[in-house]
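Participant: Take a look at the following structure, please.
The values are calculated or read from the model by the stated rules, or taken from the named source; none is laboratory data. Note that the coordinates shown come from a computational prediction; the quantities given were computed from them, not determined experimentally. Quick reminder, even Gly has a Cβ in these numbers, built from the backbone with ideal geometry, and neighbours come from all protein chains shown. Calculation scope for accessible area: heavy atoms of the full protein, side chains included, ligands and nucleic acids excluded. Shrake-Rupley method; radii C 1.70, N 1.55, O 1.52, S 1.80 Å.
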Amino acid sequence: MTDVLFILFAVVAVGGGIGVVTGRSPVASLLFMVATLASLAGIYVLFEAHFLAAIQVLVYAGAIMVLFLFVIMLLNLGHDYRADLKYGSWFLLSLVVVGLTAGVLVQGLMGTGETGLRAGGAEVAAAIDAAVVEKGAVGVIADPLFTDWVVAFELMGLLLLVAIVAAVVLAKPRARQGEK
């Protein structure tokens with residue numbers, strides 16, 4: 001049953017990704033992105049990473065998507081748009097992506113017959129389990145995030161802040177020539 005759910009979530013994620021790229025309006029692309037992020041949260045639950053699934057739903061599918069929606073509405077992108085891709089090329093792109101995804105799935109299902117762990121995977125899984133027992137699931141994620149990766153974490157926050165400020169500056173109405 002887990003394999004069927006994984007394949008279902010994977011198909012929804014890939015289909016949502018294709019929908020983001022080929023969406024005719026920014027709001028439709030945003031909704032496809034929410035479906036993609038929600039299916040990724042479902043995959044995290046299947047991998048028993050419940051904390052990551054909750055963060056995926058709360059932060060990405062919740063807060064970031066609401067932020068994107070506000071930026072889209074602030075910029076008023078929903079009315080006059082031009083298609084980014086020429087007619088029919090999205091179909092070719094979607095065939096390539098579906099073909100590659102199907103190839104990866106077939107290789108994974110028809111692969112070595114193991115439980116999905118690659119060479120050395122059992123040792124890595126045992127080390128992760130020991131770290132979870134010692135520090136807890138949140139501690140295992142928080143320690144490297146706020147020690148080894150703190151600069152990257154802060155730079156990502158700064159990058160998001162710059163993107164928000166740039167969207168507000170771009171959306172600000174231009175002053176007319178005769179007005180001050």
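Participant: Select the helices (runs of 4 or more DSSP H) contained entirely in segment 30-119, then report the ones holding at least 1 residues which are of a type in the set (K, R) and at pLDDT 70 or above.
Facilitator: Counting at least 1 such residues, we get no helices (runs of 4 or more DSSP H) at all.
Participant: For segment 122-135, state whether one or more residues are modelled with pLDDT under 70 and either among the polar types (S, T, N, Q) or open to solvent by less than 100 Å² (accessible area, probe 1.4 Å) (or both).
Facilitator: Checked against the condition, which is being modelled with pLDDT under 70 and either among the polar types (S, T, N, Q) or open to solvent by less than 100 Å² (accessible area, probe 1.4 Å) (or both), segment 122-135 yields no hits at all.
Participant: In this structure, is L8 more than 12 Å from the chain's Cα centre (by Cα) and more than 22 Å from T101 (Cα to Cα)?
Facilitator: For L8, the condition - more than 12 Å from the chain's Cα centre (by Cα) and more than 22 Å from T101 (Cα to Cα) - is not met.
Participant: Tally up the residues in segment 9-31 that are surrounded by fewer than 14 Cβ atoms within 10 Å (Cβ to Cβ) and over 20 Å from L95 (Cβ atoms), please. Outline the logic, then answer.
Facilitator: Here is the first cut: in segment 9-31, the residues surrounded by fewer than 14 Cβ atoms within 10 Å (Cβ to Cβ) are 24-25.
Narrowing further to those that are over 20 Å from L95 (Cβ atoms): 25.
Of the residues in that region, 1 qualify.
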